[in-house]
Amino acid sequence: MWSLKNGVVVLFLVLGTCWGVPREGYGPGMQDWGFVEVRPGAHMFYWLYYTTAEVEQFTDRPLLIWLQGGPGASSMYGNFEELGPLTLEGEERNHTWVKNYNVLFIDNPVGTGFSYVENLSLLTIDNAQIADDLLTFTKEFYKRNPEFMTTTLHIYAESYGGKMAPEFAWVLNKAINNGELDIQLESVGIVAPWVSPIDSVLSWGEFLLNMGFVDTKGYRAIQAAAIETEHILNEGKYEEATWQWGSTEDVILRETLGIDFYNVLFTQDFRATQSRLAMFAKDMKQATLDSAVRLASEDRDQMLKDLMRGPVASTLQLPEESVYNAQGGAVFQSMAGDFMKPAMHVVELLLNSTSLEVMVITGQLDLIVATAGNVVWLEKLQWEGRNGYLAAPRNGVGPHGILEGYQKSYGKLHMYWALRAGHMVPADNPVLMDYILKKHAGFPED
């Protein structure tokens, strides 16, 4: 028989495994974190921040999910570089989303960030598998945290996450309609979304020419590489198209002498450029892998890795099997055959067959997912409100008297152009992002 002491220990372990409990973690505010085994041997990490808003209960405010890009780039980047309560330097962030919302960061797909697989054969290979894993995760999350069933849920994602999020929202909405989950999913917001990759690639040359970063000779070189990418993609050679995408990036680096793909106005590090070009010349595939999962400069990328593998992993007492960013490159490699495939059809499904609001957010200084490419694929969408959207006015957004961007809306579709912002809109223009969140996620009293 168990003694009373042992019985208490067993009870604690069971509760600790099954139910989320607000607790102190790394940084300010109450948090919760853990792993969900979405498939045997595939472990997905999450980190929940309970809102610090002055409310009677944290469930008085919506729950926002954040997914990062890559694929293979950790949501810990979004946490510490864009919208979490602490900056990478350990300072409290003024524009953290946690001030107004409960925020759930998910390291996705499995193998990303702190998430891990016990065998690399368990990595996902396409967007559909990613969505299925996220659905499994979500079901378990609500089992552990049933109190969030009473509040609204909104999915936000960036870059490749903007390709994953619509399909995740689609399968989650189906599960809700089928009675598998009793939750309140209301919207999906995609920032700098890699929804139609080839439209982004084909916009690069003209964007750089118009911004003065290349001459006509450079433009022609970039455009030739982009058109070759399109040609390979149209032949159905999807993985080859991914590596040609990497080659097109290489051409841009050479022609611009090292432009920052995430914000064209960021300072160009000439020495780092030479190093990247040398890597492309030596091993183009490996250079493409490195480029896809690195969202910041090499120095800041290393700072984030050191923070995650050191103080964060120690404070959260993460298992030794979970080594931050150990499998990120393998994630991209596994997804290479899906990387360049478009996901416009999923956005069309959301608009035609659900009640979910869809927000597309693009930064004017972003190159990798340039605004011009987003405009193109949005206007090609086949949905019941297409003509209304095309005819809709584009209005300025200036919540504090300063023009922060533009908005074009019709029905459930909303397009936002973010001024003075690159790829990472939440960090570059938090005022506009706050406006978008309050408008579409809102507060219960709104």
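The values are calculated or read from the model by the stated rules, or taken from the named source; none is laboratory data. Everything numeric in this text was worked out from a predicted model, so none of it was measured. Here Cβ is always computed from backbone atoms with ideal geometry, including for glycine, and neighbour counts include all displayed protein chains. Keep in mind that these areas ignore ligands, DNA and RNA; they rest on the heavy atoms of the full protein, side chains included. Shrake-Rupley method; radii C 1.70, N 1.55, O 1.52, S 1.80 Å.
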Segment 253-278 residues that are more than 15 Å from Ile368 (Cα to Cα), paired with ones that are at pLDDT 95 or above and part of a helix (DSSP H, G or I) (beta carbon under 7 Å, 6 or more apart) | Glu255/Gly218; Glu255/Ala221; Glu255/Ile222
If you take the residues in segment 392-418 that are in contact (Cβ under 8 Å) with a residue 60 or more places away in the chain and within 22 Å of the chain's Cα centre (by Cα), which one is least open to solvent (accessible area, probe 1.4 Å)?
-> Leu413
Conditions: (1) at pLDDT below 95; (2) under 30 Å from Thr267 (Cβ atoms); (3) among the hydroxyl-bearing types (Ser, Thr, Tyr). Thr112 meets all but one. Number of the miss?
-> (1)
Could you tell me which numbered condition Phe148 fails, if it satisfies all but one of (1) crowded, with 22+ Cβ neighbours inside 10 Å; (2) in a helix (DSSP H, G or I); (3) touching a strand residue (DSSP E or B) at 6+ places or on another chain (Cβ under 7 Å)?
-> (1)
In segment 64-75, is there at least one residue being in contact (Cβ under 8 Å) with a residue 24 or more places away in the chain and surrounded by fewer than 24 Cβ atoms within 10 Å (Cβ to Cβ)?
-> no
Residue among Ile130, Ile155, Ile125 that is in a strand (DSSP E or B), in contact with a helix residue (DSSP H, G or I) (Cβ under 7 Å, 6 or more places away or on another chain) and modelled with pLDDT of 95 or more | Ile155
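One line per residue, one yes/no per condition, for (1) under 18 Å from the mean Cα position of the chain (by Cα); (2) within 23 Å of Ser159 (Cα to Cα); (3) of a type in the set (S, T, N, Q); (4) open to solvent by less than 60 Å² (accessible area, probe 1.4 Å):
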residue: Val331; (1), (2), (3), (4): yes, yes, no, yes
residue: Met335; (1), (2), (3), (4): yes, yes, no, yes
residue: Ser353; (1), (2), (3), (4): no, no, yes, no
residue: Glu384; (1), (2), (3), (4): no, no, no, no
residue: Arg420; (1), (2), (3), (4): no, yes, no, no
residue: His423; (1), (2), (3), (4): yes, yes, no, yes
Of all residues in segment 85-127 being of a type in the set (Asp, Glu) and free of Cβ contacts under 8 Å to residues at least 60 places away in the same chain, the one that is least open to solvent (accessible area, probe 1.4 Å) = Glu89
Selection within segment 226-271 - on the phi < 0 side of the Ramachandran plot and of a type in the set (Gly, Ala, Ser) | Ala226, Ala241, Gly246, Ser247
Just wondering, is there one or more residues in segment 306-320 that are open to solvent by 30 Å² or more (accessible area, probe 1.4 Å), among the basic types (Lys, Arg) and under 30 Å from Tyr238 (Cβ atoms)?
-> no
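Considering only segment 248-276, state which residues are open to solvent by less than 20 Å² (accessible area, probe 1.4 Å) and among the hydrophobic types (A, V, I, L, M, F, W, C).
Once the filter is applied, which keeps residues that are open to solvent by less than 20 Å² (accessible area, probe 1.4 Å) and among the hydrophobic types (A, V, I, L, M, F, W, C), segment 248-276 yields Ile252, Leu253, Ile259, Phe261, Val264.
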Please find, among Ala241, Ala287, the residue that is modelled with pLDDT under 80 and either touching a helix residue (DSSP H, G or I) at 6+ places or on another chain (Cβ under 9 Å) or outside any helix (DSSP H, G or I) (or both).
-> Ala287
Do we find that Met344 is buried (at least 23 other Cβ atoms within 10 Å of the Cβ) and closer than 20 Å to Glu239 by Cα in this structure?
-> no
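Does Leu295 fit the bill of being under 20 Å from the mean Cα position of the chain (by Cα) and part of a helix (DSSP H, G or I)? Before you say what the answer is, go through the steps one by one.
Numbers: under 20 Å from the mean Cα position of the chain (by Cα): yes; part of a helix (DSSP H, G or I): no.
Criteria not met by Leu295.
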Before we move on, is Gly401 of a type in the set (Gly, Ala, Ser) and either at pLDDT below 95 or closer than 22 Å to Val431 by Cβ (or both)?
-> yes
Looking at Val347, Val375, Val360, which is the one that is assigned to a helix (DSSP H, G or I) and within 25 Å of Phe266 (Cβ to Cβ)?
-> Val375
How many residues does segment 363-372 contain that are open to solvent by less than 10 Å² (accessible area, probe 1.4 Å), in a loop (DSSP other than H, G, I, E, B) and within 11 Å of Val264 (Cβ to Cβ)?
-> 3
How do the pairs read when you match residues in segment 364-381 that are touching a residue at least 12 places away in the same chain (Cβ under 8 Å) with residues anywhere that are outside any loop (DSSP other than H, G, I, E, B) and among the acidic types (Asp, Glu), using Cβ under 8 Å and keeping only pairs 6 or more apart or on different chains?
-> Leu365/Asp428; Ala372/Glu206; Gly373/Asp199; Asn374/Asp199; Val376/Asp199; Trp377/Asp199; Leu381/Glu348
Considering residues of segment 290-301 that are open to solvent by less than 80 Å² (accessible area, probe 1.4 Å) and free of Cβ contacts under 8 Å to residues at least 60 places away in the same chain only, the residue farthest from Gly329 (Cα to Cα) | Ser297
Six or more apart or on different chains, Cβ under 7 Å: which pairs go from a residue in segment 146-173 that's under 18 Å from Ser75 (Cα atoms) and of a type in the set (D, E, K, R) to one that's at pLDDT below 95 and not in a helix (DSSP H, G or I)? Could you list them?
-> Glu158/Gly69
